[in-house]
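Engineer: Below you'll find the structure I mean.
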């Protein structure tokens with residue numbers, strides 16, 4: 001074999017090896033993208049179901065808003081409506097934003113910057129939602145009582161002593177569990193992204 005033939009064969013093998021390496025990297029990036037998106041798939045389904053329930057409850061309150069005759073019940077109804085409409089929309093939008101980060105087309109640094117920003121916004125929104133849900137507990141009870149039983153809870157003080165502690169304890173553990181799920185999912189997604197480095 002001549003030197004010229006060896007050089008040609010060597011360069012051809014180098015090109016094939018480079019092409020194979022590029023193909024392997026593309027496959028790894030696509031698999032990483034899929035694993036990353038799947039991390040948020042389950043929670044997105046739960047949030048979508050929750051949003052549908054919130055919108056249905058908001059429609060019920062909106063169509064029966066006329067039954068809230070007193071100003072303080074109307075104020076509670078307005079807060080309840082705003083919470084049931086705005087928070088699910090913001091949550092779904094934040095989840096969509098974090099899921100749409102393109103690992104394949106972005107550089108590692110851009111991906112991490114986008115992910116960190118989206119993660120911080122999502123977790124901040126969850127914390128704000130937790131605090132607002134405790135306020136919602138105080139506004140939803142009178143609205144639900146008026147719309148479902150035609151009773152003004154502000155005039156019946158003994159009910160507050162029973163329902164608020166029970167709901168407060170339930171809400172404390174439920175929101176803590178939910179926030180923990182969000183932290184675990186975002187940490188898991190972050191570890192998937194850090195493997196690309």
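Coordinate-derived values only; no laboratory data. Remember, predicted model here, so these are calculated numbers, not experimental data.
Engineer: Take the alpha carbon atoms of region 106-136, find their center, do the same for region 53-87, and report the distance between the two centers in whole angstrom.
Structural biologist: 27 Å
Engineer: Taking all pairs of different Cα atoms in region 8-194, averaging 1/r and flipping that mean, what Kirkwood radius in angstroms comes out?
Structural biologist: Roughly 19.7 Å, rounded to one decimal.
Engineer: Quick one: the Cα spread of region 1-77 along its three principal axes, in angstroms, biggest first?
Structural biologist: The Cα atoms of region 1-77 stretch 99, 18, 16 Å along the principal axes, largest first.
Engineer: Taking only Cα atoms, what is the 0 to 90° angle, nearest 10, from helix 3-63's long axis to the longest principal axis of the chain?
Structural biologist: On a 0 to 90 degree scale, this one is about 10.
Engineer: So what is the calculated 222 nm ellipticity per residue for the chain, using -39500 (n - 2.57) for each DSSP H run with n of 4 or more, over all residues, to the nearest 500 deg cm²/dmol? It would help to have the intermediate numbers written out before the result.
Structural biologist: Numbers: 4 runs with 170 residues, N = 197.
It lands at -32000 deg cm²/dmol.
Engineer: Now for a different question. Which angle from 0 to 90°, rounded to the nearest 10, does the C-alpha axis of helix 157-194 make with the longest principal axis of the chain?
Structural biologist: 10 degrees
Engineer: Right, next: If one takes the longest principal axis of the Cα atoms in the chain, at what angle in degrees, from 0 to 90 and to the nearest 10, does the Cα axis of helix 71-99 lie?
Structural biologist: 10 degrees
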